[in-house]
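Below is one structure, written out as structure tokens, with a few remarks after it.
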Amino acid sequence: MAVTSEPRAQEGGAAPRHRSATRSLLRLWPYVRPVRVRLFGAAGVAVVASCLGLVIPLVLKWMVDGPVAHRDPGGVWLGGALLLALGTAEAGLFGLRRWLVGRPLASVEAAMRADLYRHLQRLPVSFHDRWASGQLLSRATTDLMLLRMFLAFPLTFLVVNGVTILAGFAILLSQEWTLGLVLVIPAVPLVILCSLFETRYATVARTVQDQTGDLTTVVEEGVLGVRIVKGFGRHRSQARAFRVLSEQVRSTELHKARLLATLWALIMTLPELAIGAALVLGTMRVADGDLSAGTLVAFLSTALTLRWPVESLGFLLAMSQDAATATDRYFDVMDAEPATAADRRLAGSPRRGEDGEGSEDGEGSEGGQDREGGLRFEGVEFAYADAPPEEPPVLRGVDLHIRPGETMALVGATGSGKTTLTALVPRLQEITRGRITLDGRDITALPREELRSLVAVAFEEPTLFSATAGENVLMGAGDAGREELLRALKVAQADFVHALPQGTDTEVGEQGLSLSGGQRQRLALARAVVGSPRFLVLDDPLSALDVHTEALVEAALRQVLAATTALVVAHRPSTVLLADRVALLSEGRITAVGTHQRLLRESAEYRALMSGQEREEGESRP
């Protein structure tokens, strides 16, 4: 399978065509700075250890030209002892280097992973809508592992090997500059080859890491959706999709391996040819008496000592490019700023009724009532960030006031924007224009922690975590205790929890798949009410319940709704009857507000929704 020459654009950003690996890697400095002393110390220790290796050829020169040439056994033993001491010291220093960097770099990786996870929690839902979960998982696991490995090995040894090569060539030139030049000449083509390799390898490295993220997504979806896959007999098609992506990753990895193999072959061949030429020339000069045997031995020993620093350049550059790509992918996510309403809001907010279609809630007659209390939407518009410019906003000029202590039912056809409107209250999505207030306070001026302590939510599709049933419910209020937990379970008619093997301490499994849909929805509802929130937003919270259970939940829920300000998305008359008033949302606008009975009399669209009939095409708005 052919590998594309350009890295595939990923959600949130693509790899730049010509990006500097050094500039990318420098972005890691804030994380490295706390451990810089040990990291620099480890590099210094490794440099000393490597330079000790360059002293060994000098000892060999002294031994060959001295004790060996003069047949001095004592000198040979002394030279052997020196070589043993140097080798032992070198090994000990390299061991010390590993000890110095092991724990600090593990803490760097942990800090980066914690920052990534924390940042993901702060990013808006629209970000997660655009990004595949597998791409985020691969950044939090594989990419960070690559960065830790880079900081532990390639980063240090790029410095160490660079110093070693410079010091080694200085020794070679000082010993015999004519032979030294023979070894220096291949450096020019090696620099050119490394530059070309860096550009091509960076592209392939980004591609394979992106493809690995796609593969992770397929695996995750296959595991989480295993019931659907089995239920519809789609295991073969899922296996084919996995196999196709696996082949893509394999093909790209092989292409990357071919690039590395080509570079490594050239890096190894050129120095070997240079050493061979130096050996021939040196032997001829020793035979002519122009060069001592000890000098030639020391020269060749130094050259052989430099083989690994030179030959490892390809491997180190490859790991550096992998790390630079991993850094880019990490900061693709970290650079995504949590959207705020102030950032996205257009200049100015429309006044109520400015567009000629004000809401029909009759608020203008409220007179002396507190207009700031409760939950208020003022000229609210919302459009997705990636929507085409010509596409109309999902919500357009929504004006709605839910009075303190009032329950408002939100009714509308599928696709009218009900769920989007409820997501704006806890700022899961950011409004494009207008404002939303809670008891007169703009939600954009509230810290997110405070906002979400005031507003509790329950969604139509409940999400449970790999924790106990009790822990899932208590996530709705950090300071709630056992009494609040039992009360919330009773309100949500979730007493089935007590019949589980360990009661509220029973693990519900990933996504709560060990429970039925209705049980998951009741636990999600209990989570919403456990903290007795001031504002409650419920998105069709009873859709998965049977008629009998629904009636019991509604009876208990009335007591909760009487003590809070609530916005409830409703699709059935039984849910609507929980509310004091009803708002009809049609094509992104509030077209009618009133009691259930009033809207049944005055709105044909509302009657059609409540009766389950399809709205006739061309029917005029009330």
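Within the group L545, L515, which residue is in contact with a Lys or Arg (Cβ under 8 Å, 6 or more places away or on another chain) and within 24 Å of I228 (Cβ to Cβ)?
None of the others qualify; the one that does is L545.
Which one of the conditions (1) open to solvent by 10 Å² or more (accessible area, probe 1.4 Å); (2) over 17 Å from A43 (Cα atoms); (3) of a type in the set (F, W, Y) does F127 fail to meet, given that it meets all the rest?
(1)
Look through T164, T178, T207 and report the one residue that is among the hydroxyl-bearing types (S, T, Y) and either surrounded by fewer than 21 Cβ atoms within 10 Å (Cβ to Cβ) or in contact with a Phe, Trp or Tyr (Cβ under 7 Å, 6 or more places away or on another chain) (or both).
Details: T164 fails: either surrounded by fewer than 21 Cβ atoms within 10 Å (Cβ to Cβ) or in contact with a Phe, Trp or Tyr (Cβ under 7 Å, 6 or more places away or on another chain) (or both); T207 fails: either surrounded by fewer than 21 Cβ atoms within 10 Å (Cβ to Cβ) or in contact with a Phe, Trp or Tyr (Cβ under 7 Å, 6 or more places away or on another chain) (or both).
Step by step, each of T164, T178, T207 is checked, and only T178 is among the hydroxyl-bearing types (S, T, Y) and either surrounded by fewer than 21 Cβ atoms within 10 Å (Cβ to Cβ) or in contact with a Phe, Trp or Tyr (Cβ under 7 Å, 6 or more places away or on another chain) (or both).
Name the single residue, out of those in the stretch 413-444 being among the aliphatic types (A, V, I, L, M) and assigned to a loop (DSSP other than H, G, I, E, B), that is modelled with the highest pLDDT.
V425
Can you pull out the residues in the stretch 321-352 that are open to solvent by 30 Å² or more (accessible area, probe 1.4 Å), closer than 30 Å to E109 by Cβ and modelled with pLDDT under 80?
Matches in the stretch 321-352: E337 only.
Here is a yes/no grid of residues against (1) modelled with pLDDT of 80 or more; (2) farther than 30 Å from M149 by Cα:
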{"position": "V55", "(1), (2)": "no, no"}
{"position": "L58", "(1), (2)": "no, yes"}
{"position": "R71", "(1), (2)": "no, yes"}
{"position": "G92", "(1), (2)": "yes, no"}
{"position": "G95", "(1), (2)": "yes, no"}
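Looking at (1) buried (at least 17 other Cβ atoms within 10 Å of the Cβ); (2) modelled with pLDDT of 80 or more; (3) farther than 27 Å from P309 by Cβ; (4) touching a helix residue (DSSP H, G or I) at 6+ places or on another chain (Cβ under 7 Å), which one does T156 not meet, given that it meets all the others?
(3)
Pairs under 6 Å by beta carbon, first residue surrounded by 11 or more Cβ atoms within 10 Å (Cβ to Cβ) in the stretch 186-200, partner of a type in the set (G, A, S), six or more apart or different chains?
Correct list of pairs: P186/A274.
Considering only the stretch 373-402, state which residues are in contact (Cβ under 8 Å) with a residue 24 or more places away in the chain, over 17 Å from T422 (Cα atoms) and open to solvent by 40 Å² or more (accessible area, probe 1.4 Å).
Of the residues in the stretch 373-402, the ones in contact (Cβ under 8 Å) with a residue 24 or more places away in the chain are 373-386, 392-402.
Add one more test, that the residue is over 17 Å from T422 (Cα atoms), and what stays is 373, 385-386, 392.
A385, D386, P392, listed by residue number.
Of all residues in the stretch 279-308 being surrounded by fewer than 20 Cβ atoms within 10 Å (Cβ to Cβ) and under 56 Å from the mean Cα position of the chain (by Cα), which is nearest to V159 (Cα to Cα)?
The selected residue is W308.
Looking at the stretch 130-159 only, could you name the residues that are over 25 Å from G44 (Cβ atoms) and among the hydroxyl-bearing types (S, T, Y)? Can you show your working first?
The first filter runs over the stretch 130-159 and keeps only residues over 25 Å from G44 (Cβ atoms), leaving 130-145.
Within the stretch 130-159, S133, S138, T141, T142 qualify.
Among the residues of the stretch 487-502, write down those that are open to solvent by less than 70 Å² (accessible area, probe 1.4 Å) and either at pLDDT 85 or above or within 21 Å of L557 (Cβ to Cβ) (or both).
Scanning the stretch 487-502 gives A488, L489, V491, A492, Q493, A494, F496, V497.
When both residues are 6+ apart or on different chains and their Cβ atoms are under 7 Å apart, which pairs have a first residue that lies in the stretch 229-244 and is more than 20 Å from V208 (Cα to Cα), and a second that is open to solvent by 90 Å² or more (accessible area, probe 1.4 Å) and not hydroxyl-bearing (S, T, Y)?
Close Cβ pairs (under 7 Å, with a partner that is open to solvent by 90 Å² or more (accessible area, probe 1.4 Å) and not hydroxyl-bearing (S, T, Y)) amount to V229/H235.
Just to be sure before I move on: is L561 open to solvent by less than 10 Å² (accessible area, probe 1.4 Å), at pLDDT 85 or above and closer than 22 Å to L485 by Cα in the structure I sent?
Judged against the criteria, L561 is not a match.
Yes or no, residue by residue, for (1) within 28 Å of the chain's Cα centre (by Cα); (2) part of a helix (DSSP H, G or I); (3) surrounded by fewer than 17 Cβ atoms within 10 Å (Cβ to Cβ):
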site: T217; (1), (2), (3): yes, yes, no
site: V229; (1), (2), (3): yes, yes, no
site: G233; (1), (2), (3): no, no, yes
site: A241; (1), (2), (3): yes, yes, yes
site: L245; (1), (2), (3): yes, yes, no
site: Q248; (1), (2), (3): yes, yes, no
site: A257; (1), (2), (3): yes, yes, yes
site: W264; (1), (2), (3): no, yes, no
site: P271; (1), (2), (3): no, yes, no
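Residues checked against (1) at pLDDT below 85; (2) touching a helix residue (DSSP H, G or I) at 6+ places or on another chain (Cβ under 9 Å); (3) open to solvent by less than 40 Å² (accessible area, probe 1.4 Å); (4) assigned to a strand (DSSP E or B):
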residue	(1), (2), (3), (4)
D361	yes, no, yes, no
R371	yes, yes, no, no
P404	no, no, no, no
V411	no, yes, yes, yes
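Which numbered condition trips up L54, out of (1) surrounded by 14 or more Cβ atoms within 10 Å (Cβ to Cβ); (2) within 30 Å of Y31 (Cβ to Cβ)?
(2)
Go through the stretch 460-481 and give me each residue that's buried (at least 20 other Cβ atoms within 10 Å of the Cβ), within 26 Å of the chain's Cα centre (by Cα) and assigned to a loop (DSSP other than H, G, I, E, B).
P462, L464, G476
Only one residue in R527, R558, R487 is under 30 Å from V223 (Cβ atoms) and of a type in the set (D, E, K, R). Which one? Quick ask: steps written out before the conclusion?
Working: R558 fails: under 30 Å from V223 (Cβ atoms); R487 fails: under 30 Å from V223 (Cβ atoms).
Checking each option against the conditions leaves just R527.
Taking A140 as meeting all but one of (1) open to solvent by 50 Å² or more (accessible area, probe 1.4 Å); (2) within 20 Å of Q321 (Cα to Cα); (3) under 13 Å from the mean Cα position of the chain (by Cα), write down the number of the exception.
(1)
Quick one: L538 ticks every box in (1) modelled with pLDDT under 80; (2) open to solvent by less than 10 Å² (accessible area, probe 1.4 Å) except a single one, so which number is it?
For L538, the failing item is (1).
The values are calculated or read from the model by the stated rules, or taken from the named source; none is laboratory data. This structure is a prediction, so every number in the text was calculated from the model and none was measured. Please note: Cβ atoms are built from the backbone with ideal geometry, for glycine as well, and neighbour counts cover all protein chains shown. Note: accessible area is taken over every heavy atom of the protein model, side chains too, but ligands, DNA and RNA are not part of it. Shrake-Rupley method; radii C 1.70, N 1.55, O 1.52, S 1.80 Å.
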